[in-house]
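Participant: Quick one: the structure is below, questions incoming.
The values are calculated or read from the model by the stated rules, or taken from the named source; none is laboratory data. No experiment lies behind these values; they were computed from the predicted model shown. Cβ placement follows ideal geometry from the backbone for every residue including glycine, while neighbour counts extend to all protein chains displayed. Surface areas here come from the heavy atoms of the whole protein model, side chains and all, with no ligands, DNA or RNA. Shrake-Rupley method; radii C 1.70, N 1.55, O 1.52, S 1.80 Å.
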Amino acid sequence: MKIRHALLSSALALAVLAGPAAQAKDWKTVTITLEGAYAPWNLTNSDGTLGGFEPELAKVLCERAKVECKLVASDWDGMIPALNAGKFDVIMDALSITDERKQVIDFTVPYAATPAAFATAKDSPLANAAGTGATVKMTPGQTGVKEIDALKSAFKGKTIGIQAATVYAKFIYDNFGDVATIREYKTGADRDLDLQNGRIDLGFDDAVYFQTAFDAANGALAFTGPQVAGPIWGVGEGLGVRKSDTDLRDMFSAAIKSALADGTVKNLSMKWFKTDVSPQE
């Protein structure tokens, strides 16, 4: 979820400038930020509390790390600079672990790994594009993939909606920027609304995120083309921390490994995604 939202490069540049000096801490309380608008990864309940897969997993991880955690919502596109400015301690928002992001923040081990996919209106002429129902695995920077080239021909001249500053945004710019119009959105929900109302032709995002979006659209949206998986999205989604907080990183990495080993991550992912998103060896 989310190598998700201003493009990422500008956010990373700001993060470098904002980074505080390294200092040791005695971790008793930890503030974790989530978007609260990327269901089922994370969402905002009617009473204002945060729910979803990640808030429930965060509760488990904090108990195992023996720290008290506070969950706060914040805008996705400013999370990395705000983390390095000390506004909170951890990002937990389907944050893909990528080499670019590793330049400015550190990561725990991954707690999930998911593919990405295109979505369109169920009755669109773009529905059931070549490869629908299949999965293609890609590596960072890979080009000339026949399944993607087939989609480029099918999607030529169309408008593709993406959430800004995500790894998915970079993929769309790299592979479809020369054939399609690309429209950026602050949130996935804003993009999905335009897709449902016919203001854009396609969306591209995390596949398990889209499953919930399809339910919210009452079946009006559907996948089209193959899902895209593999190292192109990094090793998976992990917690983002400041480079200076290696002790915090290690505490949560140990908790994640424990939750993966005993099936907690699998159980929570089956509850929220109806599929196991645990990263595979």
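Participant: For LYS152, list the lysines whose Cα falls under 23 Å from its own Cα; do not include residues on the same chain fewer than 8 positions away.
Facilitator: Reachable lysines: LYS122, LYS137, LYS170.
Participant: Okay, next question. How big is the Kirkwood radius of the chain, worked out from every pair of different alpha carbons and given in Å to one decimal?
Facilitator: Mean inverse Cα-Cα distance, inverted, gives 19.0 Å.
Participant: In terms of the Cα gyration tensor, with a ≥ b ≥ c the square roots of its eigenvalues, is region 37-150 rounded because a/c is under 1.5, prolate because a/b exceeds b/c, or oblate?
Facilitator: It comes out prolate by the Cα gyration axes.
Participant: Then there's this: How high is the FRET efficiency between TYR173 and ALA220 when r is their beta carbon distance and R₀ equals 25 Å, given to the nearest 0.05?
Facilitator: Computed FRET efficiency for TYR173 and ALA220: 0.40.
Participant: Related question: Would you compute the Debye intensity of region 19-103 from its alpha-carbon atoms alone, equal scatterers and no solvent, and pass along log10 I(q)/I(0) at q = 0.12, 0.26 Å⁻¹ to two decimals?
Facilitator: Reported log10 I(q)/I(0), two decimals: -0.37, -1.39.
Participant: Report, to the nearest whole %, how much of the accessible area of the chain belongs to carbon and sulfur atoms, 1.4 Å probe, protein only.
Facilitator: Here carbon and sulfur together make up 51 percent of the probe-accessible area.
Participant: I'm checking a number: the convex hull volume of the Cα atoms of region 208-281, normalised per residue, in Å³. What is it?
Facilitator: 125
Participant: Could I ask something else about it? Solvent-accessible area per residue for the chain at a 1.4 Å probe radius, Å²?
Facilitator: On a per-residue basis, 43 Å².
Participant: Report, to two decimal places, the Cα Rg of region 142-281 normalised by 2.2 N^0.38 Å (N = number of residues).
Facilitator: Working it through for region 142-281, the quotient is 1.21.
Participant: Hey, rough spin-label estimate for ASP194 and LYS156, points 7 angstrom out along Cα→Cβ, what's it come to in nanometres?
Facilitator: Calculated label separation equals 2.4 nm.
Participant: Something else now. About the Cα centre of region 34-125, how large is the charge dipole given +1 on each Lys and Arg Cβ and -1 on each Asp and Glu Cβ? Please answer in debye to the nearest 20.
Facilitator: In debye, rounded to 20, region 34-125 gives about 200.
Participant: Further question on the same structure: Please compute the alpha carbon radius of gyration of region 77-123, then divide it by the globular-protein estimate 2.2 N^0.38 Å. Two decimals is fine.
Facilitator: It is 1.50.
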